[in-house]
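Down below is the structure, laid out as structure tokens.
The values are calculated or read from the model by the stated rules, or taken from the named source; none is laboratory data. All of these numbers come straight from a predicted model, not from anything done at the bench. Heads up, the Cβs are rebuilt from the backbone with ideal geometry, glycines too, and the neighbour counts pull from every protein chain shown. What goes into the accessible areas is simple: the full protein's heavy atoms, side chains included, and nothing from ligands, DNA or RNA. Shrake-Rupley method; radii C 1.70, N 1.55, O 1.52, S 1.80 Å.
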Amino acid sequence: MKKIFSLALVASLVAATSARAARDGEYLPYVGLDYSYSDTTAKHLRPHYNSASVNVGTMYNRFFGTEMFYQISDSYKTRSGLDKSKSSFQAYGLDLYGYLPLGCGETFNLLGTAGVGEYTFVKDASFAKKQRDHGIGWRAGVGALVNVDQNWSLRMIARYVNLNQIEEIDHMMEYSAGVRYTF
């Protein structure tokens, strides 16, 4: 019973804080889910990945925000003779966002983003041991955000990721589309 009461108290405090923040037009926390298509440049290959990304962020005002993300991809499979291999990646990090509100009621926003992430690539081949390589990826992108109503919005971003610290991967272009829920 104490746990239920504590959870209800925390939930009411979060809801009250979110309602006050929305009324003042400052500090709007959100959660989101994105689908991404990544076109990667690697040694001897051009792998592409489909991935999902979960993110938690906040808009501090109508022009600036930050966001933390976690991304996981599917496997890219190749075959060369008898050798089969597959690779995938996971990433997490932090992005800064700049917004340019346009239109009546600010329903449409252009946005720019820059950030950093920790990327881990896993390659599994038939005749070799599993290889794991990780490093920092510097991210920059542009996109658009459409506010459907006070809580829901849709976002699309094209992003360049520089992965020069990872041995066999050079860089990637990501194209993502997703949905946000603002508290």
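Checking every one of the chymotrypsin sites (Phe, Trp or Tyr not before Pro) in the range 22-78 against DSSP loop status and a limit of 14 other Cβ atoms within 10 Å picks out Tyr60, Phe63.
Per residue, how much accessible area does the range 73-119 show when a 1.4 Å probe rolls over the protein heavy atoms, in square angstrom?
Numbers: 2540 Å² over 47 residues.
Value returned for the range 73-119: 54 Å² of accessible area per residue.
Charged side chains reduced to their Cβ positions (Lys and Arg at +1, Asp and Glu at -1) give the range 46-161 a dipole of some 640 debye around its Cα centre.
Only protein heavy atoms count here; on that basis, with a 1.4 Å probe, Ile72 has an accessible area of about 80 Å². For the range 77-183, GluC sites (Glu not before Pro) are listed when DSSP marks them as loop and at most 16 other Cβ atoms sit within 10 Å of their Cβ; the list is Glu167, Glu168. The label point for His48 and the one for Gln150, both projected 7 Å from the Cα toward the Cβ, are 4.2 nm apart.
Among the trypsin sites (Lys or Arg not before Pro) found in the range 96-133, those both in a DSSP coil and sparsely packed, with 10 or fewer other Cβ atoms within 10 Å of their Cβ, are Lys129, Lys130.
Near His171, the amide H atoms lying under 5 Å from its own belong to Thr41, Leu163; only residues 5 or more places off or on other chains count, and H is placed 1.01 Å from N. When Arg46, Arg180, Arg79, Arg62 are compared by accessible surface with a 1.4 Å probe, the order from highest to lowest is Arg79, Arg46, Arg62, Arg180.
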